[in-house]
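To start, the structure under review is shown below, and the notes come after it.
The values are calculated or read from the model by the stated rules, or taken from the named source; none is laboratory data. Values in this document were obtained by computation on a predicted structure and should not be read as measured data. Cβ placement follows ideal geometry from the backbone for every residue including glycine, while neighbour counts extend to all protein chains displayed.
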Amino acid sequence: MNKQELDKIKNRALEEHIPIIMDDTLQTIRKYLENKKVDRFLEIGTAVGYSAICFTEFLSDNGRIDTIERDKERVKEAKINIKNMNLENTIRIYEGDALEILPELNEKYDVIFIDAAKGKYPFFLNQSLRLISKDGIIFADNILYKGYVMSDYNKHKQRTAVRNLREYIKEVSENPNLKTEILEVGDGLAVSRIKI
Ligand code: SAH
Ligand code: MG
């Protein structure tokens, strides 16, 4: 991994105010995945490819990442970044809305990282439950959304997002097939392991 190039991608994304994965969130995910063999990784929300590039360190030799992004400009930038890291054969970008692309997917993934529109998290969860492998693990970033989710604050203009993030937490917590932790790292990270 070309660390210098990766830092350039990270700093450019931060300058552009693109909400890339936070360092402590990545560090936490690393702890969950260090003893896992990840062949297939799915990401919902590529942005400029920063997190997908970071996640390649968790892949097995022939491992692959599929990642979905609907913003054309970001897809363009992600492709350049992925090429500059020589990862064109490892990361595949699906261009378009995850609401349409997810139902079309029909393979199993060892890890799924949800990091797109917060108002759609319950939908992303349902699709992820269909796509996750037997001993897989589903991460959802920004699950505590600046603290709004755990407070009684609901007059905010982002209340649809907050309501759906709460719904996500409720569903993963009540699902008997999942073992879930809600962690206060970064902007909040939900970790749901599939019970086998
Ligand atoms: N995972 C990235 C950051 C993603 S930011 C990283 O950590 O580096 C969230 C991205 O999700 C944005 O680029 C936004 O355009 C995209 N997005 C939001 N809703 C989406 C949807 N329904 N389908 C596809 N992409 C979506
Ligand atoms: Mg995020």
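Of the numbered conditions (1) in a loop (DSSP other than H, G, I, E, B); (2) buried (at least 23 other Cβ atoms within 10 Å of the Cβ), Glu88 fails exactly one; give the number of that condition.
Single failed check for Glu88: (2).
Out of curiosity, is Asn35 at pLDDT 95 or above and either outside any strand (DSSP E or B) or not hydrophobic (A, V, I, L, M, F, W, C) (or both)?
no
Checking the condition more than 13 Å from ligand 1 (Cβ to nearest atom), in contact (Cβ under 8 Å) with a residue 12 or more places away in the chain, farther than 30 Å from Leu99 by Cβ and surrounded by fewer than 22 Cβ atoms within 10 Å (Cβ to Cβ), which residue from Lys8, Lys37, Lys3, Lys31 passes?
Numbers: Lys8 fails: in contact (Cβ under 8 Å) with a residue 12 or more places away in the chain; Lys3 fails: in contact (Cβ under 8 Å) with a residue 12 or more places away in the chain; Lys31 fails: in contact (Cβ under 8 Å) with a residue 12 or more places away in the chain.
Being more than 13 Å from ligand 1 (Cβ to nearest atom), in contact (Cβ under 8 Å) with a residue 12 or more places away in the chain, farther than 30 Å from Leu99 by Cβ and surrounded by fewer than 22 Cβ atoms within 10 Å (Cβ to Cβ) holds for just one of Lys8, Lys37, Lys3, Lys31, which is Lys37.
Is it true that some residue in the range 117-138 is charged (D, E, K, R), modelled with pLDDT of 95 or more, within 16 Å of ligand 2 (Cβ to nearest atom) and assigned to a loop (DSSP other than H, G, I, E, B)?
Taking every residue of the range 117-138 in turn, none turns out to be charged (D, E, K, R), modelled with pLDDT of 95 or more, within 16 Å of ligand 2 (Cβ to nearest atom) and assigned to a loop (DSSP other than H, G, I, E, B).
What number of residues within the range 160-179 satisfy the criterion of being over 13 Å from Tyr145 (Cα atoms) and crowded, with 17+ Cβ neighbours inside 10 Å?
So the count comes out to 3.
Would you check if there is a residue in the range 47-54 being of a type in the set (A, V, I, L, M), touching a residue at least 12 places away in the same chain (Cβ under 8 Å) and in a helix (DSSP H, G or I)? First the steps, then the outcome.
Of the residues in the range 47-54, the ones of a type in the set (A, V, I, L, M) are 47-48, 52-53.
Add one more test, that the residue is touching a residue at least 12 places away in the same chain (Cβ under 8 Å), and what stays is 47-48, 52-53.
Then drop every residue that is not in a helix (DSSP H, G or I), which leaves 52-53.
Within the range 47-54, one or more residues are of a type in the set (A, V, I, L, M), touching a residue at least 12 places away in the same chain (Cβ under 8 Å) and in a helix (DSSP H, G or I).
Can you pull out the residues in the range 129-159 that are without any contact (Cβ under 8 Å) to a residue 60 or more places away in the chain, crowded, with 16+ Cβ neighbours inside 10 Å and closer than 28 Å to Lys36 by Cβ?
Leu129, Gly136, Ile138, Ala140, Ile143, Leu144, Tyr145, Val149
Find the residue count for the range 135-152, including only residues that are of a type in the set (Gly, Ala, Ser) and within 14 Å of ligand 1 (Cβ to nearest atom).
Qualifying residue count, the range 135-152: 1.
For the range 107-116, what are the residues that are more than 13 Å from ligand 2 (Cβ to nearest atom) and either part of a strand (DSSP E or B) or hydroxyl-bearing (Ser, Thr, Tyr) (or both)?
Hits for the range 107-116 are Tyr109, Asp110, Val111, Ile112.
Evaluate the range 82-99: report whether one residue or more is more than 22 Å from Leu26 (Cα to Cα), in contact (Cβ under 8 Å) with a residue 40 or more places away in the chain and not acidic (Asp, Glu).
yes
I need a count of the residues in the range 60-76 that are surrounded by 15 or more Cβ atoms within 10 Å (Cβ to Cβ) and either more than 10 Å from ligand 1 (Cβ to nearest atom) or part of a strand (DSSP E or B) (or both).
Residues flagged as surrounded by 15 or more Cβ atoms within 10 Å (Cβ to Cβ) and either more than 10 Å from ligand 1 (Cβ to nearest atom) or part of a strand (DSSP E or B) (or both) within the range 60-76 amount to 7.
Give the residues of the range 103-114 that are within 15 Å of ligand 1 (Cβ to nearest atom) and buried (at least 22 other Cβ atoms within 10 Å of the Cβ), sorted by residue number.
Residues satisfying the conditions are Val111, Ile112, Phe113, Ile114.
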